[in-house]
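Visitor: If you scroll down you'll find the structure; I have some questions about it.
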Amino acid sequence: MHVRVLREACCAQDDQLGPLEATYEVRPNATLREFVASVVDSGFLQYSASHTSMVGFVEGKEFVRVFSPYYCKSHTSEFLVGSDQLAANALGGCGVHFRFV
């Protein structure tokens, strides 16, 4: 399964240089935690000193808060839904949008 992931730019320069969209391959048996870890570990999400965490949304509903590995080294992702459920079921074929809140 392929999942389209969008992210909000952390600053004006990031908005110009992007990328603000990526596609991730999700294994059929991957959990939601594994999917989020792959996005975070890829370095796709960008942060700044004033924007150190992002919230992930699926169909407008919050499901996870992720933190900058540079600014918030001791924070792990905080899930608002069960992180051990299959990513394919949780995402339902929808894209994911990470933004600052």
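Visitor: I need a count of the residues in segment 11-48 that are free of Cβ contacts under 8 Å to residues at least 24 places away in the same chain and β-branched (V, I, T).
Guide: Residues flagged as free of Cβ contacts under 8 Å to residues at least 24 places away in the same chain and β-branched (V, I, T) within segment 11-48 amount to 1.
Visitor: Looking only at segment 1-36, which residues are acidic (D, E), loosely packed, with under 12 Cβ neighbours inside 10 Å and within 19 Å of A90 (Cα to Cα)?
Guide: Of everything in segment 1-36, just one residue is acidic (D, E), loosely packed, with under 12 Cβ neighbours inside 10 Å and within 19 Å of A90 (Cα to Cα), namely E25.
Residue-by-condition table, conditions (1) outside any helix (DSSP H, G or I); (2) among the charged types (D, E, K, R); (3) under 24 Å from S83 (Cα atoms):
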site: D14; (1), (2), (3): no, yes, no
site: A22; (1), (2), (3): yes, no, yes
site: E34; (1), (2), (3): no, yes, yes
site: S38; (1), (2), (3): no, no, yes
site: D41; (1), (2), (3): no, yes, yes
site: V64; (1), (2), (3): yes, no, yes
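Visitor: Let me ask something additional. Name the single residue, out of those in segment 46-90 being of a type outside the set (G, A, S) and in contact with a Cys (Cβ under 7 Å, 6 or more places away or on another chain), that is farthest from E34 (Cα to Cα).
Guide: Looking at residues that are of a type outside the set (G, A, S) and in contact with a Cys (Cβ under 7 Å, 6 or more places away or on another chain), I get H51.
Visitor: I'm told L86 meets every condition in (1) closer than 15 Å to V101 by Cβ; (2) surrounded by 12 or more Cβ atoms within 10 Å (Cβ to Cβ); (3) at pLDDT 95 or above except one. Can you identify the failing condition by its number?
Guide: The single condition L86 does not satisfy is (1).
Visitor: Taking the options V66, V81, V101, name whichever one is at pLDDT 95 or above and under 25 Å from G18 (Cα atoms).
Guide: Result: V66 is the single residue among V66, V81, V101 that is at pLDDT 95 or above and under 25 Å from G18 (Cα atoms).
Visitor: Further, regarding this structure: Give all pairs with beta carbons closer than 9 Å in which a residue from segment 85-99 that is of a type in the set (V, I, T) meets a residue that is part of a loop (DSSP other than H, G, I, E, B) and at pLDDT 95 or above; count only pairs at least 6 apart in sequence or on separate chains.
Guide: none
The values are calculated or read from the model by the stated rules, or taken from the named source; none is laboratory data. Everything numeric in this text was worked out from a predicted model, so none of it was measured. Virtual Cβ from ideal backbone geometry, glycine too; neighbours counted across all protein chains shown.
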